[in-house]
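Report on the structure given below.
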Amino acid sequence: MMISEAVGQTRQGYDAMGAVLFPLLKAAKGFLLHSSHETECGWRVVEIWEAREDATRFFAT
């Protein structure tokens, strides 16, 4: 599981990023689940991957 905080992120920014990122994410080796929600300071993202190495490889490219 990967949890990240995007301080200062807005819904509009998240939606714009998601339009580009989500198709790539869904096709990524080892990707299982993405969930997110607005927080007091920005945006929180929770993802589940089969292995840490899969997430690391995806975000390194």
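Tabulated values for the structure
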{"read-out": "Within the stretch 1-25, backbone nitrogen closer than 17 Å to the virtual label 7 Å beyond the Cα of THR56 toward Cβ", "value": "1-3"}
{"read-out": "Helix-derived mean residue ellipticity, 222 nm - over the chain, DSSP H n ≥ 4, -39500 (n - 2.57), to 500", "value": "-13500 deg cm²/dmol"}
{"read-out": "Summed side-chain charge close to GLU5 - residues other than GLU5 whose Cβ falls under 14 Å, Lys, Arg +1, Asp, Glu -1", "value": "-2"}
{"read-out": "Within-15-Å neighbourhood charge of ALA27 [Cβ basis; K, R +1; D, E -1]", "value": "0"}
{"read-out": "Footprinting exposure proxy for VAL46, VAL20 (fewest neighbouring C-beta atoms within 10 Å first)", "value": "VAL20, VAL46"}
{"read-out": "When the chain is reduced to its Cα atoms, the Kirkwood hydrodynamic radius in Å", "value": "12.1"}
{"read-out": "Restricting the stretch 10-61 to GluC sites (Glu not before Pro) in coil, as DSSP defines it, with at most 16 other Cβ within 10 Å", "value": "GLU40, GLU50"}
{"read-out": "Degrees between helix 11-27 axis and first principal axis of the chain (Cα, 0 to 90, nearest 10)", "value": "10"}
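Bear in mind these aren't lab numbers, they're just calculated from the coordinates by the rules spelled out. Just so it is clear, the structure is predicted and the values come from calculations on it, not from any experiment. For neighbour counting, all protein chains shown are included, and Cβ atoms are generated from backbone atoms with ideal geometry for every residue, glycine included.
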